[in-house]
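Reviewing the structure listed below.
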Amino acid sequence: MVHPFVIVVADRDATVGVISSMLLSSALATTLTTVQTQVRVLVEPQFITGVEAPELPEEIRRIEELAISASPVDIESASLIVAFSGVDMNKLTELRERGVAVPAVNLCQFVEHLEETAHHKATSQVQLQEVMTSAALQFGFGGGSSTCSICEAQEMASMDYWVSIADTCSRFARHVQKLQP
């Protein structure tokens, strides 16, 4: 049985984490993607339902994907930890203490790294997970930082901020599509 590629969003800003997990999940849920993925966010379910979303562009408001809180099983199955406004170091420390040793990256910068690296095609979903994990480790060891221009310019009231995050999610999903078997 092939396990899904579980991506856990551990953003330092809970609102950004919730909205970004919806965007990432939506981007990965295309008919062109044959890789089984699950996006989960490290935010309590009661916060997700009560999040006061800032004003969002129309294209983003129409997204029907829901943010799903990470369960203990999701966390144990995680293949990659991502953030958009910077990794929440407290949450990351908690995950590390629980034995979760998968790479943690700021997706905005990681996508740029993926686009610059050699393009390999995976032969299976398991190999895709290995390729992504390896790329994330190389990115981290290569000096990848926890912030980028999108993170530094975080203005949740700005439509451009949310469009930039949606673009990052789309670029990541497109790269996953290129890698898939």
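The values are calculated or read from the model by the stated rules, or taken from the named source; none is laboratory data. Because the structure is a prediction, the values reported are computed rather than measured. All Cβ positions, glycine included, derive from the backbone under ideal geometry; neighbour counts span all protein chains shown.
Descriptive notes on the structure:
- Residue check, Phe110 under 14 Å from Met22 (Cα atoms) and among the aromatic types (Phe, Trp, Tyr): no
- Residue count for the range 64-95, restricted to those that are of a type in the set (S, T, N, Q), without any contact (Cβ under 8 Å) to a residue 40 or more places away in the chain and within 18 Å of Phe47 (Cβ to Cβ): 3
- Ala53 being more than 20 Å from Val105 (Cα to Cα) and small (Gly, Ala, Ser): yes
- Considering the range 21-39, and only residues there that are assigned to a strand (DSSP E or B) and polar (S, T, N, Q), the residue that is modelled with the highest pLDDT turns out to be Gln38.
- Qualifying residues in the range 34-63 (those that are among the charged types (D, E, K, R) and in contact (Cβ under 8 Å) with a residue 24 or more places away in the chain) - the one nearest to Gln129 (Cα to Cα): Arg40
- Residue pairs meeting the criteria (Cβ under 9 Å; at least 6 apart or on separate chains; first crowded, with 16+ Cβ neighbours inside 10 Å and polar (S, T, N, Q), in the range 96-121; second modelled with pLDDT of 80 or more and part of a strand (DSSP E or B)): Asn106/Val82; Asn106/Ala83; Asn106/Val87
- The single residue among Ala29, Ala14 that is closer than 21 Å to Tyr161 by Cα and surrounded by fewer than 20 Cβ atoms within 10 Å (Cβ to Cβ) turns out to be Ala14.
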